[in-house]
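The values are calculated or read from the model by the stated rules, or taken from the named source; none is laboratory data. A quick note: this is a predicted structure, and the numbers were derived from the prediction, not measured. Glycine also receives a Cβ, built like all others from the backbone with ideal geometry; neighbour counts cover every protein chain displayed.
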Amino acid sequence: MHSTINLIAMLGGLRQGEILALKASDIRSEGVQVNNSWDNYKKKLVLPKNGKSRFVPLPDLVLVGLRSIGDVSSPKTKEGFLFPNKELDGPIDHKVINHYESVQGNIPMEVRFH
């Protein structure tokens, strides 16, 4: 799951909240439709930073990972989040992503999403 999140960020340029807000229904044949962003402070979906929905093309490698995650995770959550939290009532906490980055040791500096 974390490697897919990293690939979406690097290859698609999605913001952290946009990745966390992704749902199985957002996956298209050649990319993802970014309709929302997850607001970590309000704990709800909001419009993306620019206020508009957009299509983001992604390589097949990333789409295959997203589809496999969607097949497993989205039916479990009420909202259908691709990256659900343990309670299944929202996406994973943004701190989990940053913590994963800092403990891997593969990157010489700590990586933070914006």
Candidates V56, V62, V96, filtered to the one that is under 17 Å from A9 (Cβ atoms), modelled with pLDDT under 75, of a type outside the set (S, T, Y) and surrounded by 13 or more Cβ atoms within 10 Å (Cβ to Cβ): V96
Residues of region 10-40 that turn out to be under 12 Å from F55 (Cβ atoms), assigned to a helix (DSSP H, G or I) and either touching a Ser or Thr at 6+ places or on another chain (Cβ under 9 Å) or not acidic (D, E) (or both), as a count: 1
Within region 66-83, considering residues that are under 17 Å from S3 (Cβ atoms) and surrounded by 18 or more Cβ atoms within 10 Å (Cβ to Cβ), the one modelled with the lowest pLDDT: S73
Single residue of S68, S37, S53 found to be touching a Pro at 6+ places or on another chain (Cβ under 7 Å) and either among the charged types (D, E, K, R) or free of Cβ contacts under 8 Å to residues at least 24 places away in the same chain (or both): S37
